[in-house]
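**Student:** Have a look at this one before I ask anything.
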């Protein structure tokens, strides 16, 4: 079956199971990746950022964002449970979450660039064949957009200080480098299945290129900094 | 999320959330009850409670301000005062950890944040001020939960926990005033 061969919409978990284990496996992998990543992101970046915030306002914003990311984790977990997938949080998170956050500057650049990767992946799910996932993403995307706009606004603020430019540039270089694998390998059996079942529409490389293009526009256009070369192909 | 919660304990008995949390659980449940009742809660002496901050009672004129003014004041909040609030908040967490009650603390925080994150949700996803206020109130709720569970007596977060539950955002001492912002009805 090709991607175009499955134009349907799957209304709930029972309908997903009625389509068979291949469909459940495909949609389940996507849901579980969000269960894992939202939790890992909240724990590795958003919670530590509360202590790195330079002032009370930033601290409260970091609190709100951390709680939203944790809430996203719980909502994706509920979707996973509905599909009968059980507890998914203990699986290994992606390598981007190994990044050691040491400064507020890194945190705001991270929200601008790494959360944009999450936005790119979620936007694609607005057309996913699994309707409970589509509906959840409709609810969560405004919050994810806020996280990115928060990161962009605070990064723009930082670069008004020439002394901060090297720190921001280094954060951009490091974070772009660790986010490239976030979209998966160019040759991906999983992505083939996602597209075959209409869970996703794009290849991993297409999603990576979309993210890199939007990041470049922000980093070069808005910040006036250098955006590192990103090869749309990645195979580990 | 449904409230109040009933919990099934290790022996299969149905117990209240307060009972499941052990010592201090009743105070946590009271706080969360108040949060769920929200702005409808009557009999809250706002003027007195606002001066009873988590870092001690202050003797400052009270200024009730709009959300926007509250956010502006938050930027100027007394750093020494905030550090003391942080210290007391961490002290309660450490006391619970020292008593090997991490699990109960995590459960209490988990449930409190599930209830509070939605009830203190910024109505406009693009409104930065509303996010600042919401984050501050969540931070105070978390402090109030940990403080209540730790059995701290007097409980430094009790007064401000009540204010947050009743729909207020106590901002803190700022520019010679004790600033309190009205956040509107709790959803």
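**Student:** Considering only residues that are farther than 24 Å from residue A:133 by Cβ, within 14 Å of chain B (Cβ to nearest Cβ) and either within 19 Å of the chain's Cα centre (by Cα) or not in a helix (DSSP H, G or I) (or both), which ones fall in the range A:33-60?
**Tutor:** Across the range A:33-60, the qualifying residues are A:47, A:49, A:53, A:54, A:55.
**Student:** State yes or no: is residue B:159 crowded, with 19+ Cβ neighbours inside 10 Å, more than 8 Å from chain A (Cβ to nearest Cβ) and more than 19 Å from residue A:62 (Cα to Cα)? Break it down stepwise before answering.
**Tutor:** Values: crowded, with 19+ Cβ neighbours inside 10 Å: yes; more than 8 Å from chain A (Cβ to nearest Cβ): yes; more than 19 Å from residue A:62 (Cα to Cα): yes.
So residue B:159 fits the description; yes.
**Student:** Still on this structure, I have one more. Just a yes or no: is a residue in the range A:77-86 within 14 Å of chain B (Cβ to nearest Cβ) and surrounded by 18 or more Cβ atoms within 10 Å (Cβ to Cβ)?
**Tutor:** At the first step, the residues of the range A:77-86 found to be within 14 Å of chain B (Cβ to nearest Cβ) are A:77-78.
Still in the running and surrounded by 18 or more Cβ atoms within 10 Å (Cβ to Cβ): A:77.
Looking through the range A:77-86, at least one residue is within 14 Å of chain B (Cβ to nearest Cβ) and surrounded by 18 or more Cβ atoms within 10 Å (Cβ to Cβ).
**Student:** Hey, another quick one. How many residues does the range B:115-140 contain that are within 7 Å of chain A (Cβ to nearest Cβ) and not in a helix (DSSP H, G or I)?
**Tutor:** Here is the first cut: in the range B:115-140, the residues within 7 Å of chain A (Cβ to nearest Cβ) are B:117, B:125-126, B:131-132, B:134-136, B:138-139.
Keeping just the survivors that are not in a helix (DSSP H, G or I) gives B:125-126.
Residues in the range B:115-140 being within 7 Å of chain A (Cβ to nearest Cβ) and not in a helix (DSSP H, G or I): 2 in total.
**Student:** I'd like to check something: does the range B:82-91 contain any residue that is farther than 15 Å from residue B:28 by Cα, within 11 Å of chain A (Cβ to nearest Cβ) and not in a helix (DSSP H, G or I)?
**Tutor:** no
**Student:** Checking residue B:181 against (1) assigned to a helix (DSSP H, G or I); (2) more than 23 Å from residue A:143 (Cα to Cα); (3) more than 10 Å from every other protein chain (Cβ to nearest Cβ): exactly one of these is not met. Which one?
**Tutor:** Looking at each condition in turn, residue B:181 falls short on (1).
**Student:** Across the range B:93-103, what is the number of residues that are at pLDDT 95 or above and crowded, with 18+ Cβ neighbours inside 10 Å?
**Tutor:** So the count comes out to 2.
**Student:** Please go through (1) more than 14 Å from the chain's Cα centre (by Cα); (2) away from chain A (no Cβ under 14 Å); (3) more than 30 Å from residue B:2 (Cα to Cα); (4) buried (at least 17 other Cβ atoms within 10 Å of the Cβ) for residue B:73 and return the number of the only condition it doesn't satisfy.
**Tutor:** (2)
The values are calculated or read from the model by the stated rules, or taken from the named source; none is laboratory data. As the structure is a computational prediction, the values presented were derived from the model and not from experiment. Backbone-built Cβ (ideal geometry, glycine too); neighbour counts: all protein chains shown.
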